[in-house]
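A short write-up of the structure that comes next.
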Amino acid sequence: MTPLVRITAYGHIALRYGLEEAIFLDSIMYWYRGNRANNRNYQDGRWWTFNSAVAFATLFPYWTAKQVRRIIASCREQGAIIAGCYNEDPRDRTLWYTPTDELMALYGLVEEDMENCPNEVYAFPKRENVFDQMGKCNKETCKTHVLNPIVPFDTDTLFDRFWAAYPKKKGKEAAKRAWRKLKPDIALCRVMAEALDRQRKSKDWLKEGGAYIPYPSTWLNGRRWEDEEPEPEEAESDVVW
């Protein structure tokens, strides 16, 4: 059965992420099930599949490698898949992919028989590093949790995670009002957290003791996570994303 036929059974996936994304994600789910059944590519509490964009393009002959990269980027940005790198050769930068809790929930899958990371590890962390507990499994935390399809987070709980991560603790009530107006979901929180991790290392935010860091309400109202920032000079976060 081709992906174009299969997609008719998962129209809600296409409505959530887009048609091309749904075709690609259906294959990710196929490989996830196969690797799970055969206990292959198990890393950090999840089963993964890996391929380069060129290799994926051979599997999807109606897409070029460039189109595949765009579709994968869209899937990651929307919170449908997580990317990691578990290659034995450090020179090999081929990315590995696994479905997020949200995508598996849309497929009606719940991992109840294994000690996986809970959904909450993809929200804003309480620790200083914005990416701490995001994407990479914290095994000490996960020992007593299972994967659930619904995240029990309300808007204020997610705001508390954001506030703990934001480097300038000023204007909390204004920031909370901006947050409630925005009503970000888990997928948007991931995007915001990634931007914070990048921006807090930027020259503008580091100079003069953080004097140029915008107030959190300004950052939220101005959608500053969408700013294009130069790459930081400091070492990149070691998160597996």
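The values are calculated or read from the model by the stated rules, or taken from the named source; none is laboratory data. Small disclaimer: the values here were computed from a predicted structure and weren't measured. For neighbour counting, all protein chains shown are included, and Cβ atoms are generated from backbone atoms with ideal geometry for every residue, glycine included. Side chains included, ligands, DNA and RNA excluded: accessible areas come from the protein's heavy atoms. Shrake-Rupley method; radii C 1.70, N 1.55, O 1.52, S 1.80 Å.
Remarks
- Cβ pairs under 6 Å, 6+ apart, first in the stretch 19-40 and more than 12 Å from residue 75 (Cα to Cα), second at pLDDT 90 or above and open to solvent by 60 Å² or more (accessible area, probe 1.4 Å): none
- Residues that are part of a helix (DSSP H, G or I) and polar (S, T, N, Q), drawn from the stretch 32-86: 35, 58, 67, 74
- The single residue among 88, 128, 102, 77 that is modelled with pLDDT under 85 and not hydrophobic (A, V, I, L, M, F, W, C) turns out to be 128.
- From the list 36, 40, the one residue that fits, being open to solvent by 50 Å² or more (accessible area, probe 1.4 Å) and under 25 Å from residue 186 (Cβ atoms), is 36.
- Evaluation of residue 135 against (1) in contact with a strand residue (DSSP E or B) (Cβ under 7 Å, 6 or more places away or on another chain); (2) closer than 28 Å to residue 167 by Cα; (3) at pLDDT 50 or above (one fails), failing number: (3)
- Output for the stretch 43-81, where each listed residue is open to solvent by 10 Å² or more (accessible area, probe 1.4 Å), in contact with a Gly (Cβ under 8 Å, 6 or more places away or on another chain) and not polar (S, T, N, Q): 44
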